[in-house]
């Protein structure tokens, strides 16, 4: 369980940054080389590479090198894990809020 928690924490930490979210959004359309991924951002390539390293370390992207070109692609499994966690939390809070609604309706009916 702690291993899953650590992985999930890394995914959410990676997604907390707008640059990394933009990279994920771009990779939804398909694989891309580093230079294409970095183009929209006003930062040095080494700084941008640190963002890619965070995404790679949490498993959100994979890379391969052909010649001098490194290409990245999305690895969706960690996103599915995060989605499942969020769905569980949503269901829990919807149930709790439903209970609160029932309780408040009962209170109002007793007045």
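The values are calculated or read from the model by the stated rules, or taken from the named source; none is laboratory data. All values reported here derive from a predicted model rather than from experimental measurement. Backbone-built Cβ (ideal geometry, glycine too); neighbour counts: all protein chains shown.
Structure summary
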{"quantity": "Meets criteria (within 28 Å of residue 17 (Cα to Cα), more than 17 Å from the chain's Cα centre (by Cα) and assigned to a loop (DSSP other than H, G, I, E, B)) for residue 41", "calculated": "yes"}
{"quantity": "Residue in the range 84-103 that is surrounded by 10 or more Cβ atoms within 10 Å (Cβ to Cβ) and in contact (Cβ under 8 Å) with a residue 60 or more places away in the chain present", "calculated": "yes"}
{"quantity": "Filter result for residue 102 (modelled with pLDDT under 95 and assigned to a helix (DSSP H, G or I))", "calculated": "yes"}
{"quantity": "Lone unmet requirement of (1) in contact with a helix residue (DSSP H, G or I) (Cβ under 8 Å, 6 or more places away or on another chain); (2) within 14 Å of residue 24 (Cβ to Cβ) for residue 76", "calculated": "(1)"}
{"quantity": "Residue in the range 6-25 that is within 16 Å of residue 70 (Cβ to Cβ) and surrounded by 13 or more Cβ atoms within 10 Å (Cβ to Cβ) present", "calculated": "yes"}
{"quantity": "Residue in the range 55-73 that is part of a helix (DSSP H, G or I), surrounded by 12 or more Cβ atoms within 10 Å (Cβ to Cβ), touching a helix residue (DSSP H, G or I) at 6+ places or on another chain (Cβ under 6 Å) and in contact (Cβ under 8 Å) with a residue 40 or more places away in the chain present", "calculated": "yes"}
